[in-house]
Amino acid sequence: MAAAVPSGYAPPLPTTIFNSTPGTRFAPFTLRLRLRPRRAAAVPAAAATLREVCAGRVPDHVLQRAEEVGYVVPTEVQEQSLPLLLSGQDCILHAQTGSGKTLAYLLSVFSAIDFGRSSVQALVVVPTRELGIQVTKVARILAAKACTVMALLDGGMLKRQKSWVKAEPPAIIVATVPSLCQMVERRAFTLQSVRVLVIDEVDFIFGSSKQVSSLRKILTSYSAASSRQTIFASASIPQHNRFLHDCVQHKWTKSDVVHVHVNPVQPMPAHLCHKYVICTKKERLHVLLSLLERDAPKSAIIFVAEQSERSKKAGNPPSTAVVVEFLRSSYKGSLDVLLLEEDMNFNARAASFSEVKGKGFMLVSTDIASRGFDLPQTSHIYNFDLPKTATDYLHRAGRTGREPFSRLECGVTTLITEDEHFVLQRFQNELKFYCEELPLESMFTFNS
Ligand SMILES: Nc1ncnc2c1ncn2[C@@H]1O[C@H](COP(=O)(O)OP(=O)(O)OP(=O)(O)O)[C@@H](O)[C@H]1O
């Protein structure tokens, strides 16, 4: 990720707001952090409403739209971060999947822009086209035509996008890194007047070797940290203390950047129910089918590993295609079996993505669907292949149980070989969740 902090470097210490869990002892490095008692429930009895938290900062018409779509009471991360965000403070929003970070940063965007000006005033950078579509949708709902929100996402036509920018200059742009850089380098617009810069899923973008140098340009060359508010968001920011220092050292943010860390000791949402089945690779498809029959999910995402270069060269079909084909011929339930993966062309990706909206689906996907996807009807996640890291497990699992105030149990089931068991145990230790074994014998009673 970012460069090491040289010894002797002593930036003003950024603040961490740290919401602790009662009874937990903290490691020494956290001692300098300001601890705040955790509230007993996500919504305290006398919680302020979103309107009260945002009063005088966010335009009334935006708050009205927020209420109309059901955003009335702030979630925990919104409650903690909005007073800081709305005062213009640079922030790192670090909170569980599905905790409502998007609305928190969008309200900050709406509090900062001048609706009468026709220049790019806010920029939200996202890692995938699909997440961009979602964020654009929420921003457009809140804007209600009071300003233009433009999506510059991979797969768009550069020429067409350039003429749109001219015809209707956007106040807010939601963009993927390559599309944004292409437009800026071709001088379709400048980012000098950006007042708020948001980088969503920041650890993912920094972790991508293809995107990191462009991201650094967005942070330092296209506009200056001193003249804008910078907001980073993610459910996982590995080595966050180091990241905080890098933010200051590399001038990605101002020196008083604040780290808002909600539920630091429990990164995994508590209402997810984790299970695993040990089986051989050959048994996996049939075990998956049995699980689908017994769980009868409302909607599900089945995560499958990306095909390796070696397997591509050997001419093997990707595992995603194998799983889709198997389910289309064997699954007798009512859900549509859909496919989403990086290698699909953008039209096919768009078709799959629009089909998962609104009705029951069974989406077979690579990790492309693991970041930011907000499909609240997803009741079950299946890891057909074990994720590579605990962070990947966290983000995949976080695609379910996304209704902030619902405590309904949602399921995450992982299929592993005997040899992979210790890896799953490592994830459990790191993310502090319990995973129950489903005996293989119990799987096949449905198929006999
Ligand atoms: N105050 C609120 N009241 C009710 N629902 C909310 C509120 N804030 C957000 N939501 C809903 O909660 C869901 C999750 O929000 P969001 O997508 O912002 O989560 P996130 O923190 O960005 O998650 P991830 O880290 O997985 O991207 C969305 O469906 C959103 O509409």
Need the failing condition index for Gln425 against (1) away from the ligand (no atom under 16 Å from the Cβ); (2) touching a helix residue (DSSP H, G or I) at 6+ places or on another chain (Cβ under 7 Å), just the number.
(2)
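So in the stretch 361-382, with the set limited to residues that are in a loop (DSSP other than H, G, I, E, B) and of a type in the set (D, E, K, R), which one is most open to solvent (accessible area, probe 1.4 Å)?
Step one: list which residues in the stretch 361-382 are in a loop (DSSP other than H, G, I, E, B), which gives 366, 370-379.
So of that shortlist, the ones also of a type in the set (D, E, K, R) come out as 371, 374.
Values: Arg371: 13, Asp374: 61 Å².
Filtering the stretch 361-382 for residues that are in a loop (DSSP other than H, G, I, E, B) and of a type in the set (D, E, K, R), the one most open to solvent (accessible area, probe 1.4 Å) comes out as Asp374.
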Just need a number here: residues in the stretch 408-431 that are under 20 Å from the mean Cα position of the chain (by Cα) and surrounded by fewer than 20 Cβ atoms within 10 Å (Cβ to Cβ).
3
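Looking at Leu107, is it within 18 Å of the chain's Cα centre (by Cα), farther than 30 Å from His271 by Cα and open to solvent by less than 10 Å² (accessible area, probe 1.4 Å)?
Numbers: within 18 Å of the chain's Cα centre (by Cα): yes; farther than 30 Å from His271 by Cα: no; open to solvent by less than 10 Å² (accessible area, probe 1.4 Å): yes.
No, not satisfied.
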Which residue out of Ser299, Ser311 is in contact with a Phe, Trp or Tyr (Cβ under 7 Å, 6 or more places away or on another chain) and either among the polar types (S, T, N, Q) or open to solvent by 50 Å² or more (accessible area, probe 1.4 Å) (or both)?
Ser299
Condition first: crowded, with 19+ Cβ neighbours inside 10 Å, within 19 Å of Gln80 (Cα to Cα) and of a type in the set (S, T, N, Q). Now tell me which residues in the stretch 227-275 satisfy that.
Gln229, Thr230, Ser234, Ser236, Asn263
Of the residues Leu339, Leu292, Leu285, only one is out of contact with any helix residue (DSSP H, G or I) (no Cβ under 7 Å at 6 or more places or on another chain) and of a type in the set (A, V, I, L, M, F, W, C); which?
Leu292
Of the residues in the stretch 65-89, those that are assigned to a loop (DSSP other than H, G, I, E, B) and either under 18 Å from Lys137 (Cα atoms) or within 13 Å of the ligand (Cβ to nearest atom) (or both) come to Val69, Gly70, Tyr71, Val72, Val73, Pro74, Thr75
State which residue is surrounded by the most Cβ atoms within 10 Å (Cβ to Cβ) when the search covers only the stretch 140-160 and only residues that are among the small types (Gly, Ala, Ser) and within 16 Å of Ala188 (Cα to Cα).
Ala151
Which condition from (1) open to solvent by 50 Å² or more (accessible area, probe 1.4 Å); (2) part of a loop (DSSP other than H, G, I, E, B); (3) at pLDDT 90 or above is the one that Pro404 breaks?
(3)
Number of the condition not met by Asp385 [criteria: (1) open to solvent by 20 Å² or more (accessible area, probe 1.4 Å); (2) touching a strand residue (DSSP E or B) at 6+ places or on another chain (Cβ under 9 Å); (3) charged (D, E, K, R); (4) within 16 Å of the ligand (Cβ to nearest atom)]
(4)
Taking only the stretch 326-375 into account, find how many residues are out of contact with any His (no Cβ under 7 Å at 6 or more places or on another chain), of a type in the set (D, E, K, R) and closer than 26 Å to Gln96 by Cα.
6
Within 14 Å of the ligand (Cβ to nearest atom) and either basic (Lys, Arg) or more than 18 Å from the chain's Cα centre (by Cα) (or both), is that true of Lys101?
yes
Could you please tell me which pairs satisfy a Cβ distance under 8 Å, a separation of 6+ or placement on different chains, a first residue in the stretch 72-90 that is more than 14 Å from Arg51 (Cα to Cα), and a second residue that is acidic (Asp, Glu)?
Gln89/Asp256; Asp90/Asp256
Name the single residue, out of those in the stretch 63-81 being surrounded by fewer than 21 Cβ atoms within 10 Å (Cβ to Cβ) and not basic (Lys, Arg), that is nearest to Ala95 (Cα to Cα).
Val73
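The values are calculated or read from the model by the stated rules, or taken from the named source; none is laboratory data. Only a predicted model underlies this, so the values are computations on that prediction, with no experimental measurement involved. We place every Cβ from the backbone using ideal geometry, glycine too, and count neighbours over all the protein chains shown. Side chains are part of the model used for accessible areas, which takes the heavy atoms of the whole protein and leaves out ligands, DNA and RNA. Shrake-Rupley method; radii C 1.70, N 1.55, O 1.52, S 1.80 Å.
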